[in-house]
1. If I ask for residues that are buried (at least 19 other Cβ atoms within 10 Å of the Cβ) and on the phi < 0 side of the Ramachandran plot, which ones from the stretch 117-135 would you list?
2. State all residues of the stretch 197-222 that are touching a helix residue (DSSP H, G or I) at 6+ places or on another chain (Cβ under 9 Å) and not in a helix (DSSP H, G or I); if no residue qualifies, say none.
3. Evaluate the following for residue 133: is it touching a strand residue (DSSP E or B) at 6+ places or on another chain (Cβ under 6 Å) and either in the same structural domain as residue 53 (by TED's automatic domain parsing) or at pLDDT 90 or above (or both)?
4. Assuming residue 39 fulfils every condition listed in (1) under 25 Å from residue 190 (Cβ atoms); (2) buried (at least 16 other Cβ atoms within 10 Å of the Cβ); (3) at pLDDT 90 or above apart from one, which condition is it?
5. Does the stretch 137-152 hold any residues that are more than 14 Å from residue 75 (Cα to Cα) and surrounded by fewer than 20 Cβ atoms within 10 Å (Cβ to Cβ), and which are they?
6. Would you confirm whether or not the stretch 202-223 contains a residue that is modelled with pLDDT under 85, at negative phi, over 16 Å from the mean Cα position of the chain (by Cα) and surrounded by 16 or more Cβ atoms within 10 Å (Cβ to Cβ)?
7. Kindly provide the set of residues from the stretch 159-196 that are part of a strand (DSSP E or B), surrounded by 14 or more Cβ atoms within 10 Å (Cβ to Cβ) and more than 15 Å from the chain's Cα centre (by Cα), ordered by number.
């Protein structure tokens with residue numbers, strides 16, 4: 001009788017826990033856009049994008065980052081008129097995080113635009129900076145079609161980094177945002193519930209895991225930066241990946257996906 005009562009209580013507690021966890025998963029899915037208003041948001045076509053008119057974060061991207069906002073598409077650039085000014089040639093650069101280094105004023109596309117102005121003595125060439133950190137070439141193509149071509153560019157340039165863009169260019173990868181953090185899915189098997197991404201993983205577990213790993217990584221990067229500044233007498237650098245973590249990621253990519261050189265002859 002005692003065992004029977006214990007089993008009943010255990011079953012009742014188990015049911016309550018399961019129902020509670022399922023409720024948490026449900027609310028973390030449908031309330032995701034309202035509870036987590038961070039830098040990145042989901043987009044049904046591109047997978048993810050940077051929020052429009054979102055603060056770039058003072059000092060986050062290095063010199064020139066003065067806490068200004070992203071533009072209407074979430075790009076690290078000012079708002080350009082979608083209709084080109086008569087007599088102005090428009091270049092659009094499609095890239096990833098390299099287009100964010102230097103902030104709004106000192107990224108390489110802004111520097112290039114100023115150099116054209118200095119050479120021509122007037123503003124005759126737009127250099128529009130488009131792209132999101134963490135996006136690969138296939139995702140950039142979707143972004144180009146959905147947002148970029150609205151600028152009516154005369155020339156499109158792809159910013160490509162040989163260090164990782166070859167490895168990351170999986171046409172079936174779709175990077176989405178789950179409760180603040182990135183999660184990669186196969187676009188061929190994408191599932192949605194009421195318009196929200198559904199994955200065969202616990203959102204609660206992924207959130208706690210990513211939160212812990214992110215905090216640990218930031219703490220290590222901060223510690224390394226302070227040690228470097230003390231040893232060199234230089235200002236403390238901005239937060240970045242710990243050296244060991246960065247090298248480990250790159251080493252793993254080289255080991256699991258080696259380059260293949262094919263002789264065309």
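The values are calculated or read from the model by the stated rules, or taken from the named source; none is laboratory data. Remember, predicted model here, so these are calculated numbers, not experimental data. No Cβ is skipped: glycine too gets one built from the backbone with ideal geometry, and neighbour counts run over all protein chains shown.
1. Answer for the stretch 117-135, where residues must be buried (at least 19 other Cβ atoms within 10 Å of the Cβ) and on the phi < 0 side of the Ramachandran plot: 126, 127, 128, 129, 130, 132, 135.
2. 197, 198, 199, 202
3. Judged against the criteria, residue 133 is not a match.
4. If we test residue 39 against (1) under 25 Å from residue 190 (Cβ atoms); (2) buried (at least 16 other Cβ atoms within 10 Å of the Cβ); (3) at pLDDT 90 or above, just (3) comes out false.
5. 137, 138, 141, 142, 145, 152
6. Among the residues of the stretch 202-223, at least one is modelled with pLDDT under 85, at negative phi, over 16 Å from the mean Cα position of the chain (by Cα) and surrounded by 16 or more Cβ atoms within 10 Å (Cβ to Cβ), which makes the answer yes.
7. Of everything in the stretch 159-196, just one residue is part of a strand (DSSP E or B), surrounded by 14 or more Cβ atoms within 10 Å (Cβ to Cβ) and more than 15 Å from the chain's Cα centre (by Cα), namely 196.
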